[in-house]
1. If we keep just the residues of segment 152-172 that are open to solvent by 20 Å² or more (accessible area, probe 1.4 Å) and more than 17 Å from ILE109 (Cβ to Cβ), which is nearest to the chain's Cα centre (by Cα)?
2. Are there any pairs, at least 6 apart or on different chains, whose C-beta atoms fall under 8 Å, with the first in segment 103-131 and over 15 Å from TYR84 (Cβ atoms) and the second among the charged types (D, E, K, R) and part of a loop (DSSP other than H, G, I, E, B), and if so, which?
3. Kindly indicate whether any position in segment 128-150 is modelled with pLDDT under 95, of a type in the set (Asp, Glu) and part of a loop (DSSP other than H, G, I, E, B).
4. Hey, could you check segment 220-248 for residues that are of a type in the set (Asp, Glu) and over 14 Å from LEU277 (Cα atoms) and say which is modelled with the lowest pLDDT?
5. Check off (1) surrounded by 21 or more Cβ atoms within 10 Å (Cβ to Cβ); (2) in contact with an Asp or Glu (Cβ under 7 Å, 6 or more places away or on another chain); (3) closer than 20 Å to SER126 by Cα for TYR84 and give me the number that stays unchecked.
6. Quick one: which residue in GLU369, GLU329 is in contact with a strand residue (DSSP E or B) (Cβ under 6 Å, 6 or more places away or on another chain), exposed (fewer than 14 other Cβ atoms within 10 Å of the Cβ) and in contact (Cβ under 8 Å) with a residue 12 or more places away in the chain?
7. Could you list, in sequence order, the residues of segment 240-260 that are crowded, with 16+ Cβ neighbours inside 10 Å and of a type outside the set (A, V, I, L, M)?
Amino acid sequence: MDLDGSMFSKEPVVANGFVYLPVTTDDTSSESEGYIGAYDIETGDQVWKESDLPSPKTPAISDEMLYFATSISEADEENRGGLYALDIENGETRWSRTDFLKWTSPIVIVDRIYTSNREGAYALNSMTGETIWKTDGVGMLSDGSDGALSYHDGTLFFSDGTALNADDGSVKWKITDQETAFNNHVIDNGRVYYLRTEYIEGDDDIVTVEARAADSGRVEWSYSPETGRVLDRRFAVANGHVLLYDSNEGNVLTALDAETGARIWRKELDGEFFSNLTVANDTIYVGGRYMLPSKPGIGRAAVYALDLTTGNREWTYLLDPSNLIMNPEGPPAAGTPVVAAGKIYTSTYPAGSLLDHQYIQYANFFVLESSTTRPSSDMRI
């Protein structure tokens, strides 16, 4: 379907038979507008749509509410940014925190919301938005990033390298390195895996992968890519594999052993504009764009499926843009595939476009499901 807006750098959320879409409809230096819609996963029928919102980031979800931060420019004239909670049944706003315009995308654990802003880290009451505790100077938004945070076994991990006790906000451990960011991290099997970025003035940043003990922050192993740099956000950990994406020398996907950091396999992907990585059922799913060799300049948005153990391609499905508005200046790419309830959910965007309005105008949304019939030759490579 046509989104009537953009889901670039956002993901759908699937729960209870519905898919929830965070969409931007206006994203300029002076305005931020968007909506969140709920749709039946079988039919695509709209159940509700709340459009009186600033541009929403990917939401977190509980049994009763959706929680999300907003994308907003410092020059926004209406100052409508903040942290919002919507009723999952009808989309009505249950509460909001607009005392700060920018918040980190929250996570919800039982009856608490964990997030951060430029002042520090917060635990909020999930039903009211009231502050339970605040830890100053932790998890702050920086360098234009969302300031990612994660939760595992009573501990919160922030992109500034701090681990907090989730009960009271006390510091468990902290990496003391002022020139380094830990924007992406995944917790698995007692370790926290970071993409560590070291900022070098007047030179390229140095990016390494670090595996640290989740209970102490002790480094267990580190890995430096051959190119010296890994693109941010293209990072996943699943079933004993650490997966990295690097576009500096071709479009290369690398799998490391999660225990040791040793390289297991390395594969070059046939395509471009690849998304974040999703792993389900020992399969890696990634969105991107495939350029047709027989038709120079012509391409299609595509979803790729790779075997987690070997990196071998299982299939590639080309998305059908029929009856949807497409960018006349170039083919789209697929965003991050979300796998849930036996289906794959992904949005598309005008890959390579330098014009903001095209991301709003030429974005669509697709839902795929498995089939016993092999797709026609024009839908696969």
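1. The first filter runs over segment 152-172 and keeps only residues open to solvent by 20 Å² or more (accessible area, probe 1.4 Å), leaving 152-154, 160, 165, 167-168, 170-172.
Still in the list and also more than 17 Å from ILE109 (Cβ to Cβ): 160, 171.
Numbers: ASP160: 18, VAL171: 26 Å.
Per the criteria, the residue is ASP160.
2. The qualifying pairs are ARG118/LYS102.
3. Yes, segment 128-150 contains a residue that is modelled with pLDDT under 95, of a type in the set (Asp, Glu) and part of a loop (DSSP other than H, G, I, E, B).
4. Residues of segment 220-248 that are of a type in the set (Asp, Glu), as a first pass: 220, 226, 232, 246.
Retained after the next criterion (residues that are over 14 Å from LEU277 (Cα atoms)): 220, 226.
Details: GLU220: 96, GLU226: 67.
It comes out as GLU226.
5. If we test TYR84 against (1) surrounded by 21 or more Cβ atoms within 10 Å (Cβ to Cβ); (2) in contact with an Asp or Glu (Cβ under 7 Å, 6 or more places away or on another chain); (3) closer than 20 Å to SER126 by Cα, just (2) comes out false.
6. Numbers: GLU329 fails: in contact with a strand residue (DSSP E or B) (Cβ under 6 Å, 6 or more places away or on another chain).
The unique qualifying residue is GLU369.
7. Pass one, segment 240-260, residues crowded, with 16+ Cβ neighbours inside 10 Å: 241-247, 251-256, 258.
If the condition is that a residue be crowded, with 16+ Cβ neighbours inside 10 Å and of a type outside the set (A, V, I, L, M), then HIS241, TYR245, ASP246, SER247, ASN251, THR254 are the ones that fit.
Each row is one residue, and each column tells you yes or no for (1) modelled with pLDDT of 95 or more; (2) in contact with a Phe, Trp or Tyr (Cβ under 9 Å, 6 or more places away or on another chain); (3) of a type in the set (Lys, Arg).
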position	(1), (2), (3)
PHE18	yes, yes, no
VAL23	yes, yes, no
TYR35	yes, no, no
GLU42	no, no, no
ASP45	yes, yes, no
LYS49	yes, yes, yes
SER71	no, no, no
GLU74	no, no, no
GLU78	no, no, no
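The values are calculated or read from the model by the stated rules, or taken from the named source; none is laboratory data. Quantities reported herein were computed from a predicted structural model and do not represent experimental measurements. When we count neighbours, we look across all protein chains shown, and the Cβ atoms used for this are built from the backbone with ideal geometry, even at glycine. With ligands, DNA and RNA removed, areas are computed over all heavy atoms of the protein, side chains included. Shrake-Rupley method; radii C 1.70, N 1.55, O 1.52, S 1.80 Å.
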